[in-house]
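> Got a structure for you, written out below as structure tokens; questions coming shortly.
Since every read-out is calculated from the coordinates, none of them should be taken as a lab result. This structure is a prediction, so every number in the text was calculated from the model and none was measured. Here the Cβ positions follow ideal geometry from the backbone for every residue, glycine too, while neighbour counts run over all protein chains shown.
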Amino acid sequence: MTDLWTRLEGAPLAAGFELRRYLGDDGQRVYYLTDRDGPGGETTVIAAVPQHSEQAEEQLRRWKLASPLSHPNLIRVFEAGWSEADGVPLAYARMECPDDDLGTLTGERCLTLVEADEVLRAAVVALSYLHEQYLVHGAVEPGNILAVGETIKLSIHDVSSPHGTRTLQQDIRDLGFTLYQLLTQHTDRQLSELHSVAEPFASIIDGSVRKGWPLARIAAVLEHPELREEVLETPEDTNIPTQRKEQARRWGMTLLPAAVAMLLFILAIRYSGRPAKTAQPVPAPPATARPAPVKEARTWSVIAGTYGHRADAERRARAIARRWPQFHAQVVPSDKPRAYIVMLGNQLTEQEAMRLRKSARAAGIGGSVGVRETTP
């Protein structure tokens with residue numbers, strides 16, 4: 001098949017653009033750089049599957065399912081359908097061109113904690129968006145976590161509705177195991193090297209793989225690591241049958257009037273026959289000065305990424321400044337060793353920081369934008 005795909009290099013696709021350069025295949029799909037940009041000027045690629053392949057119809061269905069999706073941490077699909085190149089019929093999708101994937105990194109080194117934090121935040125918001133549409137990603141693994149410029153994005157080739165083993169919770173378990181792989185370079189499902197992983201990532205991996213944590217809790221622990229110690233409500237508490245709940249309610253409604261009547265009877269016996277006391281005027285409480293209004297501390301910052309090298313952070317800040325100069329991106333050293341922060345705002349109140357983060361995400365900077373309270 002490789003000879004066929006290389007032969008099609010440079011051929012026009014009937015859909016109206018050229019298969020400019022053969023990029024290779026992943027065992028299921030073949031990729032070509034094409035000559036048409038995305039609506040935002042993005043470089044685009046053609047992913048294709050030959051029509052005679054058993055996976056062609058299912059793959060096209062998934063690409064079309066992903067076409068309406070729009071999230072800064074998901075690869076965009078601009079169009080998908082049937083076409084042909086040089087007489088070869090195929091299913092195709094034109095999409096954003098990734099620059100790299102984490103699958104190539106896992107064989108070389110582990111992620112740093114700063115990198116793991118950025119990757120996990122991007123993956124959590126992307127999966128949250130998919131799950132809100134009642135869609136599963138279906139293939140959360142290092143090779144499907146991609147970099148487009150400075151932004152971390154998930155692939156979309158396997159997006160589908162939940163069915164069988166493809167569930168929302170399975171996406172979360174796969175995310176936890178992927179994080180384990182990226183931090184340890186180990187692939188054992190028993191998580192035998194989890195003891196070597198730093199917090200809060202060890203708790204997040206254990207919670208997502210073994211304990212059924214939801215994405216909301218993972219996001220909360222990323223922002224506030226101390227929450228990893230909180231005990232979740234047990235399944236027994238959350239799955240009380242409706243019949244038992246209704247029975248308890250009826251017993252409460254029956255016994256409450258009797259209990260009130262008994263209490264009034266006891267009080268009547270206790271106080272009958274006692275001389276009435278003359279009511280004494282209650283002295284007015286001394287006037288106290290009103291407390292001064294508490295000013296909200298301006299100790300919050302908005303962060304657009306943390307990097308292990310200053311050059312990477314500066315490249316990210318320049319990219320933001322070119323497209324969104326209103327956010328005044330700047331690079332500052334982190335309180336962590338050998339780490340640099342791309343900051344959009346500093347010395348803000350918590351409400352101001354939340355508003356700025358919302359504006360940055362709405363502008364399209366990326367789901368990794370977060371807020372942090374400055375350490376005193």
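> Within the P(r) computed for region 300-373, what percentage of the Cα pairs occupies the region above 20 Å?
Numbers: 574 of 2701 pairs.
Tail of P(r) above 20 Å: 21 percent of Cα pairs.
> Under a straight-distance cross-link criterion of Cα-Cα below 16 Å, which aspartates and glutamates are reachable from LYS211, leaving out those fewer than 8 residues away in the same chain?
By straight Cα distance, LYS211 reaches ASP171, ASP174, GLU229, GLU230, GLU233, GLU236, ASP237.
> Can you work out the PRE-style zone for ALA147? Point 7 Å along Cα to Cβ, and I want the residues of region 107-141 with backbone N under 17 Å.
107-123
> Also, I was wondering about something else. What's the ranking of 160-167, 307-314 by average number of surrounding C-beta atoms within 10 Å, highest first? Could you put the intermediate results ahead of the total?
Numbers: 160-167: 12.1, 307-314: 16.9.
Peptide ranking by packing, descending: 307-314, 160-167.
> How high is the relative contact order of region 115-159, in percent, counting Cα pairs under 8 Å that sit 6 or more residues apart? Numbers along the way, then the final one.
Details: 32 pairs, mean separation 17.0, N = 45.
Relative contact order comes out at 38 percent.
> If you don't mind, another one. Among 343-351, 321-329, how do they line up from the highest to the lowest mean number of other beta-carbon atoms within 10 Å? Working shown, then result.
Working: 343-351: 17.8, 321-329: 14.7.
Peptide ranking by packing, descending: 343-351, 321-329.
> Also, I was wondering about something else. Dipole size in debye (nearest 20) for region 100-227 around its Cα centre, Lys and Arg Cβ +1, Asp and Glu Cβ -1?
Details: 9 positive and 18 negative charges, 91 e Å.
About 440 debye.
> Further question on the same structure: Check cross-link reach from LYS64 to the aspartates and glutamates: straight Cα distance under 14 Å, and skip same-chain residues fewer than eight apart.
Filter leaves GLU79, ASP158.
> Hey, what did region 2-96 get for relative contact order, percent, Cα under 8 Å, at least 6 apart?
It comes to 26 percent, rounded to a whole number.
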